[in-house]
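All of the numbers you see were taken from the coordinates with simple rules; none came from a lab. None of the values given here were measured: they were computed from a predicted structure. Every residue, glycine as well, gets a Cβ built from its backbone with ideal geometry; the counts of neighbours run over all protein chains shown.
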Amino acid sequence: MAIHEYASGSSVPAPAIPPDLLPRVGPEAPERARLLIAKAMLPMPPDQLGIALGVLARDANAEIAAAATASLSELPADVRRQTVTSTMPGPILDVYAHVFKEDMAILQALLSNNAVLDETVRWMARNLRGSILDAIGSNQVRLVRSPPIIGALIANPASSTPLLARVIETALRNSVDTSRIPGFKPLAEAFFADLAKEQLPPEPDEDDDETADGEEATDEEAAEAADAHGIDDEALEALLRGGEDAERKVKVPLWKLVEDMTLPQKVRLALMGDAAARKILIRDNKKLVAMSVLRSPKITEKEISNFAMDKAVDGEVVRIIARNREWTKNYAIMHSLVYNPKTPPQQTITFIRNLRRRDLAMLARAKEVPSHVTRAAKQLIDKRGD
């Protein structure tokens, strides 16, 4: 494995191991010797020991890896500090980021070290919490150089709203390519509407009809939304993580929390929250929020089917569902759309032609659909001779 292809958390590749240590701690070194070094039972200068233990903490032998990790944790503070501020290969420094993930002093030292790989910082941005995230968000050089770090901060429920506002603004003002960052565009529009419109290219499936409803906030309104208090970050993090954590920490009804949220907070919850949150947010009066629900990677086809039938959902949401070829391959979604008067007539007719005989007959007798729908269903029945 080449060092530039290194994935955080992987074993240390041979090219990253100093040549003088490779025969002793490399994968070809005798297993007993590796275990003795992992247990810090062989004499070795402190600087070499710090490196050797870093390599062995990712050894393929679980016993050796566990022993090395334990020995690393017991290293004197000055040895740790010397190691994490050195210019040793990034994969070894990556080990220290994982082992000392709760040691703020070590993490800060690593973040300031140019030898630390961007991939390591990305892992920290995605998995850690607390003040280290603010430190990562303040390192504009790394953010601009490595967009995946921005994506990791966005995906981390522990990232605060002010932090994301700062990170997103940095990306926009430095013309960072964010096209591969899930959720970046809607969040950018929520925080900095005009700046996002100016800096971000339209998505391939966007057209004038979809974006010309006049609901987009101005930069001033977006700035006010970012500065507004909304709900506290701890409550938002619990909602974003979902599950029992949310139920334990958040004792206010979900609808009330949503009501008190800022626009960026709603967008984050729409993208990352659970089905209960999506059910509420799909009806939000801001199109950006409802559209973010449809972007959620967690959304299910059953939810889409329910949204497609919901007459209280904005017509734009229904139109987006109706023109999504993957979703409309699902018979239940297609069936729901024909009963929604907000489905574009031309697409409704197309869906009617694909209905099963029993469903077509029921549609022809339905009272809650527009007359042109029942008429089309009856005409199709006559044509088929059913």
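Over the range 278-345, the reciprocal of the mean inverse Cα-Cα separation, the Kirkwood hydrodynamic radius, stands at 11.6 Å.
Calculated [222 nm] ellipticity per residue, helices only, for the chain: -17000 deg cm²/dmol; basis is -39500 (n - 2.57) per DSSP H run with n ≥ 4, divided by all residues, nearest 500. With no solvent and one point per C-alpha, what does the Debye sum give as log10 I(q)/I(0) for the range 1-115 at q = 0.11, 0.12, 0.18 Å⁻¹? Computed log10 I(q)/I(0) values: -0.30, -0.35, -0.83. For the residue pairs 101/266; 298/367; 256/287, the alpha carbons lie more than 25 Å apart in 101/266; 298/367. When the chain is treated as a Gaussian network with alpha carbon springs shorter than 10 Å, the biggest mean-square fluctuation among 338, 267, 373 belongs to 373.
Working from the Cα coordinates of the chain, the gyration tensor eigenvalues give, after taking √(5λ), semi-axes of 53, 24, 18 Å in decreasing order. Each residue, residue 382 and residue 101, gets one label point 7 Å from its Cα in the Cβ direction; the gap between the two is 6.8 nm. Under the rule a/c < 1.5 gives rounded, and otherwise a/b versus b/c splits prolate from oblate, where does the range 306-374 land using the Cα gyration tensor? Oblate, since a/c reaches 1.5 and b/c is not below a/b.
Computed on the chain, with alpha-carbon pairs under 8 angstrom and 6+ residues apart, the relative contact order is 8 percent. Shown here for the range 58-142: GluC sites (Glu not before Pro) in loop regions (DSSP other than H, G, I, E, B) with at most 13 other Cβ atoms within 10 Å, namely 74, 102. Segment residue 375..residue 115, full-extension length gain: 86.6 nm, with 0.36 nm per residue of separation and the alpha-carbon distance subtracted. Using the Cβ-Cβ distance between residue 85 and residue 302 with R0 = 45 Å, the FRET efficiency computed as 1/(1 + (r/R0)^6) comes to roughly 0.30. Given +1 at the Cβ of Lys and Arg, -1 at the Cβ of Asp and Glu and no other charges, the dipole of the chain around its Cα centre is 1820 debye to the nearest 20. Spin-label model, residue 285 to residue 324: label points 7 Å out along the Cα-to-beta-carbon direction sit 2.5 nm apart. The calculated FRET efficiency for the pair residue 14 and residue 135, based on their C-beta separation and a Förster distance of 25 Å, comes to about 0.20. Principal semi-axes of the equivalent ellipsoid, √(5λ) from the alpha carbon gyration tensor of the range 151-193, are 15, 12, 10 Å from largest down. Extension gain for residue 173 to residue 256 (0.36 nm times residue separation, less C-alpha to C-alpha distance): 26.4 nm. In the range 70-179, the C-alpha radius of gyration followed by the widest Cα-Cα span (Dmax) gives 14.0, 45 angstrom. Averaging the sequence gap over all C-alpha pairs within less than 8 Å and six or more residues apart, then dividing by the number of residues, gives the range 300-386 a relative contact order of 24 percent.
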